[in-house]
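Here's the structure we're looking at; comments come further down.
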Amino acid sequence: MFLAALDFNIVATAVPTITSEFHKYRNSSWIGTSFLVSFSLVLPIYAKLGVMFGNRNMFIIGTLIFIVGSGLCGAASSMDLLVWSRVVQGIGGGGIYGLVNVSPRWTTTKVRRILTKNRSLSPILFLCKMLVNTSHSLAWYGPLPMS
């Protein structure tokens, strides 16, 4: 999820430089729009495919598609190619963003039940839920490279 958020923030800052490089000022809005439209369209698709083929597998596929899209953006020689590369990035980013927050169903229902009974514990239980979900969802990912 950090990759997708960081990518959008970097590109939003670099749009003036990118458009001046390609001399296509009229198409500058498509750099962000193409990413967001494809990102939004694939979120429910990844959710369904995650149920069918496993969230882990779909998360990995989404990450690979995002990396391929990033490579295509880096190699783009025209504004049109950059816009279509951003579409590919959005397709991968939707998989990253949509599947990274998936939690086991039993955890979500238990927390929701407790939250509805006692509103004063809501902030504490929310933090506990986040810690539980983080440990469950990152357990399959393995150690992160430290370099």
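Quick one: count up the residues across region 1-26 that are of a type outside the set (V, I, T) and either buried (at least 16 other Cβ atoms within 10 Å of the Cβ) or modelled with pLDDT of 85 or more (or both).
Qualifying residue count, region 1-26: 6.
Could you tell me whether region 68-78 includes any residue that is without any contact (Cβ under 8 Å) to a residue 40 or more places away in the chain, outside any helix (DSSP H, G or I) and surrounded by 14 or more Cβ atoms within 10 Å (Cβ to Cβ)?
Checked region 68-78: at least one residue is without any contact (Cβ under 8 Å) to a residue 40 or more places away in the chain, outside any helix (DSSP H, G or I) and surrounded by 14 or more Cβ atoms within 10 Å (Cβ to Cβ).
The values are calculated or read from the model by the stated rules, or taken from the named source; none is laboratory data. Just so you know, these numbers come straight off a predicted model, no measurement behind them. Because the Cβ atoms are built from the backbone with ideal geometry, glycine has one as well, and the counts that use them run over all protein chains shown.
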